[in-house]
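Quick notes on the structure that follows.
The values are calculated or read from the model by the stated rules, or taken from the named source; none is laboratory data. Given the structure is predicted, the values throughout are model-derived calculations rather than measurements. No Cβ is skipped: glycine too gets one built from the backbone with ideal geometry, and neighbour counts run over all protein chains shown. The area values use the complete protein model at the heavy-atom level, side chains included, leaving out ligands, DNA and RNA. Shrake-Rupley method; radii C 1.70, N 1.55, O 1.52, S 1.80 Å.
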Amino acid sequence: MNTAQIHENTDSVRAFFDQWQIYRKIVAADCLCHREETAALARWLDAQGPVGRFADLACGDASFTAPLLASRHPASYTGIDVSDVALSLARKNTAALSCPKTFVCGDFLSELEKDTNAFDTIYVGLSVHHLVKADKCRFFAAAARALGPGGRLAIYEPAMRPGESFDQFLGRSDRYCRQACTTLDAGELESLLNHIKTCDLPETSDDYGAMGRRAGFRSASILFRDPQELWVLMGFDL
């Protein structure tokens, strides 16, 4: 993928998430199974010990991570997102966190590659799948470098079934969204489906795990998979 294509993809993602009311409707209706994912992520974080320095990649408005962190007292919080709209909301939603907070407007992969031994916990949700495979490998390598000794990474991403083609995955996603996303009007639903068609590049959970291990993570485990088998929460430990 050349530089122009990378910028085009980033701009496309930014344009969608700047339409924040659509995303909030989707989350509020739990169309993306965030409630069960949150519970699974909370159990995993508690089993890992102190959260430490927390990086929230593609953080959006932080309405997902801020409540999760409120009782887990991170040493610091860093939120990175391409959308100024989202970051302005993230500042408000994380105001109750007593730790030092940093907000960076930029591409999460490029920003992560600048850091070495900067974090203890990294979380990214529904964003790594926007990258082509080579850049996904770059992401896992950057995450391993950015984490301190004993650090951990969690990702929540679309995941194809073993042996499934993208067109088959797309068909399942389309059917699910049309059935589940009933709070969206017709235009909003088409915007969501167009985003999936033009921006999503999912892998299988085995592929995500293999990329993580090649980058230096010693283990990769599935923490949650939704009933439709469209998304997977995975944890990686150094």
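Report Rg (one decimal) and Dmax (nearest whole number) for segment 81-221, counting Cα atoms only, units Å.
16.9, 48
Could you run the Karplus curve 6.51 cos²θ - 1.76 cosθ + 1.60 with θ = phi - 60° over segment 218-232 and give me ³J(HN,Hα) per residue in whole Hz, x for Gly and Pro?
Values per residue, Gly and Pro as x: 7, 8, 9, 10, 7, 9, 6, 9, 6, x, 7, 6, 9, 10, 9 Hz.
I want to check the label-to-label distance for ALA210 and ALA134. Put each point 7 Å from Cα in the C-beta direction and report it in nm to one decimal.
Using points 7 Å along Cα→Cβ, the separation is 1.8 nm.
With bins 5 Å wide starting at 0, give me the P(r) of the chain over every alpha carbon pair, in whole percents.
1, 6, 14, 19, 22, 19, 12, 5, 1, 0
Could you give each residue of segment 53-66 its phi-based ³J(HN,Hα) in whole Hz, using Karplus coefficients 6.51, -1.76, 1.60 with θ = phi - 60°, and x for Gly or Pro?
7, 10, 10, 10, 7, 6, 5, x, 8, 6, 5, 7, 7, 4
Just to check I understand the Karplus step: with θ = phi - 60° and J = 6.51 cos²θ - 1.76 cosθ + 1.60, what whole-Hz values come out for segment 118-128, glycine and proline as x?
9, 9, 9, 9, 10, 10, 9, x, 6, 9, 4
List the equivalent ellipsoid semi-axes of segment 33-88 in whole Å, largest first, each obtained as the square root of 5λ for an eigenvalue λ of the Cα gyration tensor.
20, 14, 8
Excluding ligands and nucleic acids, what accessible area in Å² is computed for HIS73 using a 1.4 Å probe, to the nearest 10?
140 Å²
Taking the Cβ of GLU111 as the center, what net charge do the other residues with Cβ under 12 Å away carry, scoring Lys and Arg +1 and Asp and Glu -1?
My count for the surroundings of GLU111 gives -4.
Quote the accessible area belonging to VAL27 in square angstrom, nearest 10, computed with a 1.4 Å probe and with ligands, DNA and RNA left uncounted.
Counting only protein heavy atoms, VAL27 exposes about 30 Å² to solvent.
For GLY151, which sequence-distant residues (separation of 5 or more, or a different chain) have an amide H within less than 5 Å of its own amide H, given hydrogens modelled in the peptide plane?
LEU238
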